[in-house]
Number of protein chains: 2
Amino acid sequence: MPPKIKSPEEREKLRLLILDSARTLFVERGIEAVSMREIAKQINYSATTLYHYFADKDALLQALCDADFLALANGLREIMKIPDLLARIHALFNGYAQFAFQHPNHYRLMFMTPRTPCNLETTQIQQGNTEQDAYAQLKLVVFEAFDAGLFKPEFNDFELIAQTLWASIHGVCSLEITLGHETWIQWPSLEMRLNTMQNAILQGLLR
Amino acid sequence: MPPKIKSPEEREKLRLLILDSARTLFVERGIEAVSMREIAKQINYSATTLYHYFADKDALLQALCDADFLALANGLREIMKIPDLLARIHALFNGYAQFAFQHPNHYRLMFMTPRTPCNLETTQIQQGNTEQDAYAQLKLVVFEAFDAGLFKPEFNDFELIAQTLWASIHGVCSLEITLGHETWIQWPSLEMRLNTMQNAILQGLLR
DNA sequence: TTTATAAATTAACAATGTTAACTTAACGAC
DNA sequence: GTCGTTAAGTTAACATTGTTAATTTATAAA
């Protein structure tokens, strides 16, 4: 029974409800549990209704992803206020890792699952906007440090430095997520691994 | 028409045929193309036959994965013969990366896809055996360098060092595989990214 | 009151992983 | 040689998936 004509606000509300339902399933039971029918059942709609709000499953996942990128950027925004430059870099490192381990399923979807390249028309995120884009935040900090001459002179491309820093944390996080439960590897504590990476890579890059 | 009683060799042959068929589909069309029916059709068997050789799809994938771990270890074995220690470490770095980009789908399955922890009873690979286990090879080299006192004294756990090195390359490789085609990131060349990581992390760790 | 349309639903399609039931042919025992 | 037994396969079926077409329902406008 369709109570007709939804105001734009109501439409948006249902859109968010769908995303929330998907997120719940996703977080609780992993990506393989996210079926269109299950998402719909959880909010008492039929599966077809979802297709009036998202073109297909990929589009829905992409939208989820967008929201998560925003969440990450928001989480890091506080950190960006730390005055001391090096302290800020360390805090960014840790903040990023914390996000990864608090939301491993989101992290997987965002950074470990190849998907059709982000459609710049479709996505809500303004890439490069420091408010919304975590990578832009990282670049900002790195540029500041670069400008202050903190890096060894051989590292002379600040974008390359930023990506190296990113890859180093991402390496630790994603190995933990995929292989962290393998018993044939003697993992030291996650904290030690993160600290070691942090110290090693920064000592390598900084003067 | 079942020509009866297969010798153990013949059974093994079909097992390998199935794995090969799966691998082909996998490499050509990505992981989502690997359906039991397709694998079977390609070698003119019915899908059910596959279940006489593998418990389920996961087991088949796991077996594929095992074979790929062996392939990686084999590829690195030549490198392990390089006499100079540092040259060997650099070559390991590059050999690993080369494997990742020559077989991105395999790499994804091996290191970027969470799966049920490797069943030590089921798997063919002898973990810790340098002949078969790439991680064991890395540990060996790192231990040698550790023993020779090449690392800064603050890095005093050679397993932790090995994992840090691993995570650093893996970070570059897996970011490339998942996000390498995103246009909103200005990627320098892959080679530069790999070299930068290599230089930075080794400078950080080495005396 | 009629009509057009937004919002939702039911029914159906083809593809998937997987299992049960059945067929066929070769081997060992007599 | 004939007769079970059993390995090696197949076909048929089930439940679940993403997705689309056809249909219903209730409201807003005429």
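The values are calculated or read from the model by the stated rules, or taken from the named source; none is laboratory data. Quantities reported herein were computed from a predicted structural model and do not represent experimental measurements. With ideal geometry, Cβ positions are generated from the backbone for all residues, glycine too; neighbour counts draw on all protein chains shown. Each accessible area value is taken on the protein alone, full model and side chains, heavy atoms only, with ligands, DNA and RNA left out. Shrake-Rupley method; radii C 1.70, N 1.55, O 1.52, S 1.80 Å.
Interface area, chains B and A: about 4200 Å² of buried accessible surface, summed, with a 1.4 Å probe and ligands, DNA and RNA left out. Simple spin-label estimate for A:L16 and A:K81 gives 2.4 nm between the two label positions (7 Å along the Cα-to-Cβ direction from each Cα).
Using bins of 10 Å that start at zero, the share of Cα-Cα pairs per bin across the protein assembly as shown amounts to 4, 19, 28, 24, 16, 7, 2, 0, in whole %. Taking all protein chains together and rolling a 1.4 Å probe, A:K139 ends up with roughly 50 Å² accessible. Helical runs assigned H by DSSP (4 residues or longer) give chain A a calculated mean residue ellipticity at 222 nm of -20500 deg cm²/dmol, each run adding -39500 (n - 2.57) before division by the residue total. Dividing the Cα radius of gyration of the stretch A:147-199 by 2.2 N^0.38 Å, with N the residue count, gives 1.45. Full extension of the segment from A:K57 to A:N94, taken as 0.36 nm per residue of separation minus the current Cα-Cα distance, would add 10.1 nm. Can you list the residues in the stretch B:184-199 whose accessible area drops by at least 30 Å² when all protein chains are present, compared with the chain alone? Use a 1.4 Å probe, heavy atoms only. For the stretch B:184-199, once contacts with the other chains are taken into account, B:W184, B:I185, B:Q186, B:P188, B:T196, B:M197 lose 30 Å² or more.
Amide H to amide H distances under 5 Å link B:F151 with B:R207, where only residues 5 or more positions off or on other chains count and H is placed in the peptide plane. Here's the picture: charge each Lys and Arg Cβ at +1 and each Asp and Glu Cβ at -1 in the stretch A:1-54, and of A:T48, A:I31, A:S21 the one pushed furthest to the positive end of that dipole is A:T48. A straight line joining the Cα centroids of the stretch A:143-169 and the stretch A:9-68 runs 39 Å. Expressed as a whole percent, the accessible surface of the stretch A:1-54 that belongs to carbon and sulfur atoms is 57, based on a 1.4 Å probe. In order along the stretch A:91-100, phi translates into HN-Hα couplings of 5, 4, 3, 5, x, 4, 4, 4, 4, 4 Hz, rounded to whole numbers, per the Karplus curve 6.51 cos²θ - 1.76 cosθ + 1.60 with θ = phi - 60° and x for Gly and Pro. Separation of the alpha carbons by more than 24 angstrom is noted, of A:K13/A:K41; B:K13/B:K57; A:K13/A:K139; B:K57/B:K139; A:K81/A:K139; A:K6/A:K41, for A:K13/A:K139; B:K57/B:K139. Restricted to Cα atoms, chain A shows a radius of gyration and a Dmax of 20.0, 68 angstrom.
Each Lys or Arg adds one and each Asp or Glu takes one away; over the other residues whose Cβ falls under 10 Å from the Cβ of A:S35, this sums to +1. Which aspartates and glutamates have a Cα less than 20 Å from the Cα of B:K152, not counting those fewer than 8 places away in the same chain? Here the aspartates and glutamates satisfying the reach criterion relative to B:K152 are A:E191, B:D84, B:E144.
Per residue, the average separation of C-alpha pairs within less than 8 Å and at least 6 apart gives the stretch B:1-54 a relative contact order of 27 percent. Per-atom-type breakdown for the stretch A:67-205 gives carbon and sulfur 55% of the accessible area (1.4 Å probe, protein chains only). Note on A:T48/A:E28: beta-carbon distance plugged into 1/(1 + (r/R0)^6) with R0 of 22 Å gives a FRET efficiency of 0.40. Shown are A:W184, B:W166, whose ranking by accessible area with a 1.4 Å probe and every protein chain present, most to least, is A:W184, B:W166. With all protein chains kept in place, the per residue accessible area of the stretch B:51-207 amounts to 43 square angstrom at a probe of 1.4 angstrom. Computed over the alpha-carbon pairs of the stretch A:1-54, the distance histogram in 5 Å steps reads 4, 20, 29, 25, 13, 5, 4, 0 percent, short to long.
Charges were assigned to the Cβ only: +1 to each Lys and Arg, -1 to each Asp and Glu. The resulting dipole of the stretch A:1-54 about its Cα centre is roughly 180 debye. Here the relative contact order of chain A, from alpha carbon pairs under 8 Å that lie six or more residues apart, stands at 17 percent. Which part of the stretch A:140-179 falls in the paramagnetic zone of B:K152, meaning amide N under 17 Å from the point 7 Å along Cα-to-beta-carbon? Once the point is set 7 Å along Cα→Cβ of B:K152, A:150-155, A:165, A:168-169 turn out to lie under 17 Å by backbone N, inside the stretch A:140-179. Restriction of the GluC sites (Glu not before Pro) in the stretch B:135-164 to DSSP coil positions whose beta-carbon has at most 12 other beta-carbons within 10 angstrom yields B:E154.
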